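Here is the structure we will look at, set down as C-alpha cells.
The values are calculated or read from the model by the stated rules, or taken from the named source; none is laboratory data. Just so you know, these numbers come straight off a predicted model, no measurement behind them. In this analysis, Cβ positions are derived from the backbone assuming ideal geometry, glycine residues included, and neighbour counts consider all displayed protein chains. Protein only, heavy atoms only, side chains kept; ligands, DNA and RNA dropped before computing areas. Shrake-Rupley method; radii C 1.70, N 1.55, O 1.52, S 1.80 Å.
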Amino acid sequence: MPELPEVETVTRGLNFAIKNLIVKKVQVNRYDLRIKVSNKITSVLNNLKVIKVKRRAKYGIIDLENEYSIVFHLGMSGRIVIDRNDEISLNKHDHIAIDFYKKNSKKFGVRFLFRDPRRFGFFNIYKRNSKVYENIFQFIGPEPLDNNFSIKKFFNKINKRHSNIKSILLNQNIIAGLGNIYVCEALFLARISPKAMGSSLSYNKIKKLHGKIKEVLLKAIEEGGTSIQDHKNVSGEIGYFQYYLSVYNREKEECNNCTSIIIRFKQNGRSTYYCQKCQK
Ligand SMILES: [Zn+2]
C-alpha cells in the first residue's frame, strides 16, 4: 500500500509532467471506484489548466483553474501512468484517462491514466471551496515533514494514549501519511518496541522518534519509495528504498544493529516487524 514517500514520488513526477498543461479530453471507463466518480468530471475539466500537483497525507491533489481540484488515493494497488504516446490503448484496469495538451497549441502533451486493478483507490473532482472537499482533509494530522510538526504537540498526543505506539502512529489523525512500512522502520531506528504503550514513552524517546520519522521518510523519498508490491513512479520506474529496510519484510533475517533475528508478529491485524533486543 502506497505511503507518504510513494505518493510523494508520484505527485512530484506528475507535477513535472502535467503542470501548466490543458485538459482536452476525459474518458471514464468505470465510475464505481471506492468513491463514485462524479458524472460531471468529463464536462467540467475540459480546457482547464493544471496549476500544480501536490500531496496531503496519502492523497494526491491536482489543482486546476476555476477552483477545481482532482483528489486521488492509490488504495492498495493504484498507479498513475503518464504516457507520451497518444495512440496507447487502454488497459482494462485504466479507469480514467485524461489527455493533456500544451498551452496555446493543439499539440498533444501527455496521456494520464489512473490504473487500479483492485479498485480500493479513488479519483474524483471537487470545488476547492466546498465543504465536501474540506471534509476529506478535516481530521488529518500534521505532515511529518512540515515545520509545524512539533515535538511537543506530538509528545502530548502520544502521551495521552493507552494503546501501543504502532497503532498510534498508523492513526492518520495523529500523524499523516505513515503506514506499516515506515512505522516499523521509524520504531526500529528510534529503538522503541512496537508494543510500548504511548503513555509509557518519555519525552526524549518521542523526540528521537520524531527525528527518525523525518529521517526515514526523507531517505525513502530520495530513493523513489519502496517497491515491494506495485509501486512505480509515473514513468513506470520502481523505487529503491526496499534495499534500505532495517526490519520491514525481513522476518528471520539478522538485525543489522545487533545480529539478533528479526521477528514478525500480528498486531491489530497487521504484520509488525521488529528486533526484540534493540527495541524496548
Ligand atoms: Zn537488533
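General observations
- Scanning the stretch 136-148 for residues that are more than 15 Å from Asn171 (Cβ to Cβ) and of a type in the set (A, V, I, L, M, F, W, C) turns up Ile136, Phe137, Leu145.
- The residues listed here are Val23, Val53; of these, the one that is open to solvent by less than 40 Å² (accessible area, probe 1.4 Å), among the aliphatic types (A, V, I, L, M) and either touching a residue at least 60 places away in the same chain (Cβ under 8 Å) or part of a loop (DSSP other than H, G, I, E, B) (or both) is Val23.
- Looking only at the stretch 230-258, and only at residues there that are under 23 Å from Val53 (Cβ atoms) and surrounded by fewer than 19 Cβ atoms within 10 Å (Cβ to Cβ), the one that is nearest to the ligand (Cβ to nearest atom): Tyr240
- Residue under evaluation Phe16, criteria (1) in a loop (DSSP other than H, G, I, E, B); (2) loosely packed, with under 14 Cβ neighbours inside 10 Å, criterion not met: (1)
- Those helices (runs of 4 or more DSSP H) lying entirely in the stretch 134-242 with at least 1 residues within 30 Å of Asp116 (Cβ to Cβ): 165-170, 180-189, 203-222
- Test set (1) open to solvent by 80 Å² or more (accessible area, probe 1.4 Å); (2) over 24 Å from Phe72 (Cα atoms); (3) more than 16 Å from the ligand (Cβ to nearest atom); (4) at pLDDT 95 or above - Glu222 fails condition number: (2)
- Identity of the residue in the stretch 261-276, assigned to a loop (DSSP other than H, G, I, E, B) and surrounded by fewer than 13 Cβ atoms within 10 Å (Cβ to Cβ), that ends up farthest from the ligand (Cβ to nearest atom): Gly269
- Screening the candidates Lys131, Lys157, Lys152 for the property of being modelled with pLDDT of 95 or more, open to solvent by 60 Å² or more (accessible area, probe 1.4 Å) and closer than 19 Å to Ser38 by Cβ yields one hit, Lys131.
- Close Cβ contacts (under 9 Å, 6 or more residues apart or on different chains) running from residues in the stretch 252-279 that are within 16 Å of Ile181 (Cβ to Cβ) to residues that are among the acidic types (Asp, Glu) and surrounded by 14 or more Cβ atoms within 10 Å (Cβ to Cβ) comprise Tyr273/Glu185.
- Asn104 over 19 Å from Gly13 (Cα atoms), part of a loop (DSSP other than H, G, I, E, B) and modelled with pLDDT of 95 or more: no
- Selected residue (only one of Asp86, Asp99, Asp32, Asp63 is touching a residue at least 40 places away in the same chain (Cβ under 8 Å) and surrounded by fewer than 14 Cβ atoms within 10 Å (Cβ to Cβ)): Asp32
Let's see how each residue does on (1) in contact with a Phe, Trp or Tyr (Cβ under 6 Å, 6 or more places away or on another chain); (2) within 20 Å of Leu217 (Cα to Cα); (3) exposed (fewer than 15 other Cβ atoms within 10 Å of the Cβ):
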residue: Lys36; (1), (2), (3): no, no, yes
residue: Lys40; (1), (2), (3): no, no, yes
residue: Asn46; (1), (2), (3): no, no, yes
residue: Lys49; (1), (2), (3): no, no, no
residue: Tyr68; (1), (2), (3): no, no, no
residue: Leu74; (1), (2), (3): no, yes, no
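- For the condition closer than 30 Å to Asn249 by Cβ and free of Cβ contacts under 8 Å to residues at least 40 places away in the same chain, Pro194 does not qualify.
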